[in-house]
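Working notes, structure below.
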Amino acid sequence: MACQPRLSGRWQWVKTKNRIEDLAIFGAKPAFEEPLHVGRPNIGRRESFLERVNAILDRRWLTNNGPCVQQFEHAVAKFLGVRHCVAVCNATIALELAIRALQMKGEVIVPSFTFIATAHALQWQGITPVFSDVVPSTHGIDPRRVEELITPRTTGIIGVHLWGKPCAVEALADIAHRRGLALMFDAAHAFGCSHQGRMIGNFGRAEVFSFHATKFLNTLEGGAITTNDDELAVAIRLMKNFGFAGQDKVVCLGTNGKMNEISAAMALTGFESMDAFVEHNRRNYRQYMEELEGLPGLHIFPYDESEKCNYQYVVLEVDDTASPLSRDELMTALRAENVLARRYFYPGCHRMEPYASLFPDAGAHLPETEKLTRRVLVLPTGTSVGTREIRLVCHIVRLALTHSTLVRKRICEQIRLGL
Ligand code: T4K
């Protein structure tokens, strides 16, 4: 199923990368000939996908609520146990649609430690995102901070289930209820995850999933809004199709948020292999946990294995008060080996434009976010990454940490020389 990245000089590199000069930052050949990415797509059974594509071409029904999209929406609703699933062209548009359908305006409270789309979906509609700090143990929005940030202009809260880990759903629901605010969740990472035995997709007024190519289940580009609110589902369906309620009849403002048939075909194909994707991801996550265990200052973000989880992100936290190398130094050493680890979500939404200019002092109120943006490094996983690759990645991490003083010196030299 998976296309495996090629190990440079084959597997014996693990044995031979034992001395400091074997590390690529000192000029040795990189461990991986081809880049080992975070976010390599899971493909599923190619033949199933191609069969579906052929059927789509034969039908000549390519978009506008075609049979594959309808089948996908039913499959998602059934899988999550939710009344409605509305498939859309990506999760950013899904966020915008849900925000608008919930009539959010003024100010909406969101975490800054998230992908920029969460904030942009608000700002794009003239709504001010008010950044809240997060809880370091879950990386999710901190309900205590949310409560403090509410003003007369606040109309809603968007929690994010970062890495697929549920945020403080009950505490947020309580605040929203008491203060009369709309609550929704950005569940872009959380397809196939549960919270207290209930599938993510059922919480708040609405939840939004991403099926982007880099996601555990992908539709090339795609997203979905799920809700148990019948009226909201009707409103979102209208909005995603220009407001059309029938031919020649537009009943509200809308946009084009439709998912196309090829995307839905990819989704249906992925659905067939979903258990295998999860199993692969879980194996990878456990291997990283085992291989990096006990290294000073390194900590893999843990998932609750008693809940359903997609394990799509392996998140390494590097505490540089305990680790001999900082997150960025470790990343530099890995990237030299063609291991393209990512600093999601550095530097935090509040430090990206337009928010950095709009709220130049926001960082002062986001200490945990600031800390996390300096600590987190997302490691390659997914079906294109297997046991051998992970063993090698972890071996490189250990080797770099063992020779941390010289590695640091080398990186400083490279920076000084502008390399
Ligand atoms: N909310 C949250 C919390 C999110 O994380 C996201 C998206 C959204 C909302 C919005 O969802 P969408 O509107 O995208 O449906 C990537 C994804 O583009 C983005 O979907 C995702 N989150 C975010 C966490 O990661 P980048 O800028 O890192 O993408 P990029 O192009 O650097 O790709 C990441 C890696 O994946 C690359 O190193 C190569 C690999 N890759 C990528 C693609 C597209 C492949 O191997 N094949 C591919 O086809 O944002």
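The values are calculated or read from the model by the stated rules, or taken from the named source; none is laboratory data. Note that the structure is predicted; figures quoted are calculated from it, not measured. No Cβ is skipped: glycine too gets one built from the backbone with ideal geometry, and neighbour counts run over all protein chains shown. Accessible surface is based on the protein model in full, side chains and every heavy atom, while ligands, DNA and RNA are left aside. Shrake-Rupley method; radii C 1.70, N 1.55, O 1.52, S 1.80 Å.
Between the Cα long axis of helix 404-416 and the first principal axis of the chain there is an angle of about 70°, rounded to the nearest 10. Each Lys and Arg contributes +1 and each Asp and Glu -1, all at the Cβ; summed about the Cα centre of the chain, the dipole is approximately 780 debye.
Reducing the range 114-131 and the range 342-419 to their Cα centroids gives an inter-centroid distance of 24 Å. For the range 287-378, the set of GluC sites (Glu not before Pro) satisfying both a DSSP loop assignment and a count of at most 15 other C-beta atoms within 10 Å is given as Glu293, Glu305. DSSP beta bridges confined to the range 77-172 are antiparallel in about 10 percent of cases.
A 1.4 Å probe run over the protein chains yields, for the chain, 44 Å² of accessible area per residue, whole-number rounding. Here the peptides 25-33, 45-53 are ranked by packing, the mean other Cβ count within 10 Å, and the order with the highest first is 25-33, 45-53.
For a test of the definition: using alpha carbon positions, the gyration tensor, and the 1.5 limit on a/c, classify the range 48-93 as rounded, prolate or oblate. Prolate.
When peptides 232-238, 261-267, 157-163, 172-178 are sorted by average Cβ neighbour count within 10 Å, with the highest value leading, the order is 157-163, 261-267, 232-238, 172-178. Computed from label points 7 Å out along Cα-Cβ, the spacing between Glu305 and Asp320 is 3.2 nm. Based on Cα contacts under 8 Å between residues 6+ apart, the range 57-167 shows a relative contact order of 23 percent.
Within the same chain, aspartates and glutamates fewer than 8 places from Lys258 are excluded, and of the rest, those with a Cα less than 14 Å from its Cα are Glu73, Glu96, Glu221.
Accessible area of the range 311-419 with a 1.4 Å probe: how many percent of it is carbon plus sulfur? Carbon and sulfur together cover 52 percent of it. The accessible surface of the range 67-208, taken with every protein chain in place and a 1.4 Å probe, is 54 percent carbon and sulfur. Here the Gaussian network model covers the chain, with springs between Cα atoms less than 10 Å apart; of Pro143, Pro166, Pro152, Pro152 fluctuates the most.
The value of relative contact order for the range 337-419, using C-alpha pairs under 8 Å at least six residues apart, is 32 percent. I'd like the accessible area for Tyr346, computed on protein heavy atoms only with a 1.4 Å probe and all protein chains in place. Round to 10 Å², please. We get 100 Å² for Tyr346. Take every pair of alpha-carbon atoms less than 8 Å apart whose residues are at least six positions apart; their mean separation over the length of the range 285-357 yields a relative contact order of 21 percent. Relative to the dominant Cα principal axis of the chain, helix 230-239 is inclined by about 80°.
Translational diffusion of the chain, estimated by Stokes-Einstein from the Kirkwood radius over alpha carbon pairs at 4 °C in a medium of 1.567 mPa s, is 57 µm² per second. Cross-link check: pairs Lys29/Lys215; Lys240/Lys371; Lys78/Lys165; Lys105/Lys240; Lys165/Lys409 evaluated at a Cα-Cα cut-off of 27 Å; pairs beyond the cut-off: Lys29/Lys215; Lys240/Lys371; Lys165/Lys409.
Relative to the dominant Cα principal axis of the chain, helix 387-402 is inclined by about 60°.
With both residues required to sit in the chain, DSSP beta bridges show an antiparallel share near 60%.
Shape of the range 238-374 from the C-alpha gyration tensor: oblate (a/c of 1.5 or more and a/b not above b/c, with a ≥ b ≥ c the square roots of its eigenvalues).
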